[in-house]
Amino acid sequence: MPPYLTFFIGLLMLVLFGWYFAVDLGPRKRILGSLLTVVLTAFCIWSMLPMDKKIRLGLDLKGGTSFLIKLSSEDGSAIAKETLDQAVEVIRKRVDQYGVGEPVISPSGTDRILVQIPGLDSEKIHEAREQLSKVAKLEFRLVYPDHGERLRGIDAGTEIIPPEYRIESYTLRSEGGKPEEQERLLVKKRADLGGDRVSNAHAFFGNQGWGVVLNFDSEGAKQFGDITEKFKGYRFAIVLDNVIQSAPVIRDAIYGGSAEITGRFGEQEARGLAMVLENPLKTPVSIEEERSASASLGQDSIKSGVYAGLVGLALIFIAVLLYYRLAGLVALIALAVEGILLFGLLAMFGAVLTLPGIAGIILSLGMAIDANVLIYERLREEIALGKSLKTALDASYSKAFSAIFDSHVTTLITAAILYVIATGPVRGFAVTLTIGIIASMFTALIITRTLFSWLFHFNLLRKISMADLISATNIDFIGKRRLALSISAIAIVVLSALFFIRGSHNFGVDFLGGDRLVLEARGEKIGEGQVRDALSELDVTDAVVQKETSATSEFMTVRSPIDTGQKIEAHLKSKFPQAQFRTEASEKVGSLVGGELIRSSLIALGMGLLGILIYVAMRFELSFAMGAMAALLHDLLITIGIYSLAGREISLIFVGAILTIAGYSVSDTIVVFDRIREGLRSERKGSVQAIMNRSINETLSRTILTGGTTLLALGALYFLGGPVLNDFAFAIFVGVIVGTFSSVYTAAPIVLWWSRWKGKSLHREVKESELAAAPALQGRS
């Protein structure tokens, strides 16, 4: 679609949005809501079709390799922006030789470059690793011009090394099966001519085997000619990355602007050297992180993720239809539209869909169901008060608006922080969750409202019936606060102790650094014990071997110390040829990167907690913010403890799960707080404790229903989503259960105790907050 058309459609939707919220109830609002829905849905369908071309897949879904390359200056100083930009362009040219579609080469921070190359096989991965980590610093240095007399004098003790020279060893090329010989040369420390004067280079095959021909630019050709003219009959060392490649004798002046490098090269080495000499780097580089996934593993991940998602959605659909019937059907139509909006916006913004991103989509659809549950449970209460169906529906949307808005915003805060801090697949999760949250609010507050309006208009809706499996309760939750909080405190202490006892075993490769190898046996199945026995032959310590399964395949995963993955891969393939091992994925993470990931994850978590605390304090009161924070910490600590107790390793995916739990926990708590605040504002009879109990009981059906439908989707992810989504789903599964408990038993008692500790009535706090605040956020009907 042309950019100008996209702009005008976006402008049209903005006008329609403003108009929709500006008008009152009636035919005009219904028509505007319908126009908004039709225009936005059509635009998203246009943007995402055909999906195989419009939806960009991450490397974990389409297969490929990513490298995180670190630049380091020789004197330890900071890397200049110009140096980083030059390195990005050099690496881009080196990657272009592989002819792959849509590689990603971009700066990451101030001294790193992220390189993502789709569709490389194992041989190409090794070649790419060599090419990307080679500086290709070419230098031409003079050998001391006396045919070796000075060096022999130095060896005899009669001469000293000139200050501008140093002794270096040079390995002579072996011929006829003879052993290699070492020659010592006295060469200049500083180059007489640099590789920056090389305009192009190409490999050739001559009498001495494979070599590289260099062509200099005009200034380089002149310098090279002057040097060869002056030092005719003496040797000239050709040095690559501080290693002497050859040291030929200058037979005559060379003004042709070209030179040859010969040495111990094979064809691939010569071609690779020619390529990097044309694109040299100005600073040393090292590969700090490497991750690869085969195309077949990506396809398997897509199948597992999509299959798990469809099963999870089907379970949610059935549960909603059975419980809410016609109203449930309206919610499901809105949910289908949300799915279209979500994929359309992904395509429109060019976002990358990753495997955790699929989980983000399913989670956002669960949040959309939660918004509808909030509205429908309010509707049940309004009908019970004797109101007409249309009046009850209007009141339910108006009263549910603040809880829906606040719960979505708190989740949006954690998603935004995760996007800023995280990288790779986890960032993909944050993107899809953010888009899903925005689409969820649109469908819950506009599309379902518009659908109900049309049903009323055509006289198709006269009565709404819903199941009532969770009848009105009168449980004294606040009265049981001491028992509940004691149980929570004991659980936190015990689980924290077990976490610290397990120590570094809690963390995976992402944080500790090391190698991770995923192999699939295409032939005879090999047991974990056999692999461990084979690794003992290599004397590789601290290696962890385990089997993982997906919907269609079984994998052997080996986690080992840094720079041992390639050795383990080669040994296992030679040890068990009958297994026909195929490398499906590999990872390498340096310890420095691991340490930085720990710090950035803690920063992300801290920023998320702070953002939520500030928002809840602004929207409610400090007492409520402290209650929400206590419940949130309770949920995170117990979830992390149970995750550790289950023997699972903390990875970047788990960090995404923890921040999701944070958003879910606060969302759940806010729904309860919203009802408590409503009770305090309306000056209901009874003590604060009684109002809190009544509010928790009134929201109990919503809490159980939302938690139940979310667990249905998570259950499908856990059992059918494959190894990556299994860990993710397990963490959130635990978090949802613990979060449901804390929203009922932990948050409100903390609010009560905090207000009493301050010596201030909670009634008065809410009233003062209401008077001092700007006009309260109201849902326009």
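The values are calculated or read from the model by the stated rules, or taken from the named source; none is laboratory data. Values in this document were obtained by computation on a predicted structure and should not be read as measured data. Glycine gets a Cβ as well: all are built from the backbone with ideal geometry, and neighbour counts include every protein chain shown. Note: areas computed on protein heavy atoms with side chains; ligands, DNA, RNA excluded. Shrake-Rupley method; radii C 1.70, N 1.55, O 1.52, S 1.80 Å.
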query: How far is helix 652-681 tilted, in degrees, relative to the longest principal axis of the Cα atoms in the chain, given as a value from 0 to 90 rounded to the nearest 10?
result: 20
Interchain or long-range residues, amide H under 5 Å from Arg56's placed H: Leu353
query: By accessible area of protein heavy atoms, probe 1.4 Å, what ranking do Asp121, Asp510 get, highest first?
result: Asp121, Asp510
- line: Quick calc, Val544 & Thr171: beta-carbon distance into FRET formula, R0 35 Å, rounding 0.05, result 0.35
query: Given 0.36 nm per residue, what is the gain on full extension from Phe456 to Gln566 after removing their alpha carbon distance, in nm?
result: 32.9 nm
- prompt: Using +1 on the beta carbon of Lys and Arg, -1 on that of Asp and Glu, and nothing else charged, what's the dipole of the chain about the Cα centre, debye to 20?
  reply: 3280
statement: Highest mean packing first, using Cβ neighbours within 10 angstrom, the peptides 390-397, 34-41, 411-418 sort as 411-418, 390-397, 34-41
In the stretch 643-734, the GluC sites (Glu not before Pro) that fall in loop regions by DSSP, at most 15 other Cβ within 10 Å: Glu683
field: Rounded to 10°, Cα long-axis angle of helix 355-384 versus longest principal axis of the chain
entry: 10
Computed E for Ser72/Met618 - FRET, C-beta separation, R0 41 angstrom, nearest 0.05: 0.40
message: Suppose only helical runs count, i.e. DSSP H with n ≥ 4. What mean residue ellipticity at 222 nm does that imply for the chain under -39500 (n - 2.57) per run, divided by all residues and rounded to the nearest 500 deg cm²/dmol?
response: -20000 deg cm²/dmol
Beta bridges per DSSP with both ends in the chain, % antiparallel, nearest 5: 95
query: Tell me, what HN-Hα J-couplings in whole Hz come from the Karplus equation 6.51 cos²θ - 1.76 cosθ + 1.60 at θ = phi - 60° for each residue of the stretch 731-743, using x for Gly and Pro?
result: 4, 6, 4, 5, x, 5, 5, 5, x, 4, 4, 5, 5
task: Express in nm, to one decimal, how much length is gained between Asp241 and Ser465 on full extension, taking 0.36 nm for each residue of separation and deducting their alpha carbon distance.
output: 72.9 nm
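What number in nm² do you get for the stretch 254-370 if you take the convex hull of its Cα atoms and divide its surface by four?
For the stretch 254-370, averaging the hull's shadow over all directions gives 13.6 nm².
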query: Of Lys93/Lys567; Lys93/Lys575; Lys303/Lys547; Lys93/Lys188; Lys463/Lys685, which sit over 27 Å apart, Cα to Cα?
result: Lys93/Lys567; Lys93/Lys575; Lys93/Lys188; Lys463/Lys685
- prompt: Tilt of helix 218-230 relative to the longest C-alpha principal axis of the chain, in degrees (0 to 90, nearest 10)?
  reply: 30
query: At Glu89 and Ser536, where each label point lies 7 Å from the Cα along Cα→Cβ, what is the point-to-point distance in nanometres?
result: 5.7
field: Computed over the chain, Cα set: Rg, Dmax in Å
entry: 33.1, 112
field: Full-stretch length increase - Ala80, Ile45 - with 0.36 nm per residue and alpha-carbon distance subtracted
entry: 8.2 nm
Principal semi-axes in Å for the stretch 383-424 [√(5λ), Cα gyration tensor, largest first]: 37, 7, 6
Karplus-derived HN-Hα couplings along the stretch 529-544 (A = 6.51, B = -1.76, C = 1.60, θ = phi - 60°), whole Hz, x at Gly and Pro: x, 5, 5, 4, 4, 5, 5, 5, 5, 8, 6, 8, 8, 6, 7, 10
Under the Karplus curve 6.51 cos²θ - 1.76 cosθ + 1.60, θ = phi - 60°, whole-Hz ³J(HN,Hα) for the stretch 28-35, x wherever Gly or Pro sits: 5, 5, 5, 5, 4, x, 5, 4
task: Mind giving me the nanometre distance, one decimal, between the label points for Ser388 and Val420, set 7 Å out from Cα along Cα→Cβ?
output: 4.9
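Listed here are the pairs Lys137/Lys232; Lys399/Lys758; Lys62/Lys573; Lys70/Lys282; which of them are more than 19 Å apart at the Cα?
Violating the 19 Å limit, Cα to Cα: Lys137/Lys232; Lys399/Lys758; Lys62/Lys573.
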query: Where does each of 604-613, 665-674, 340-349 land if you order them by average Cβ count within 10 Å, highest first?
result: 665-674, 340-349, 604-613
- prompt: Packing-wise, with mean Cβ within 10 Å as the measure, how do 702-710, 89-97 rank, highest first?
  reply: 702-710, 89-97
field: Point-to-point label distance, Ile333-Ala253, nm (Cα→Cβ direction, 7 Å offset)
entry: 9.0
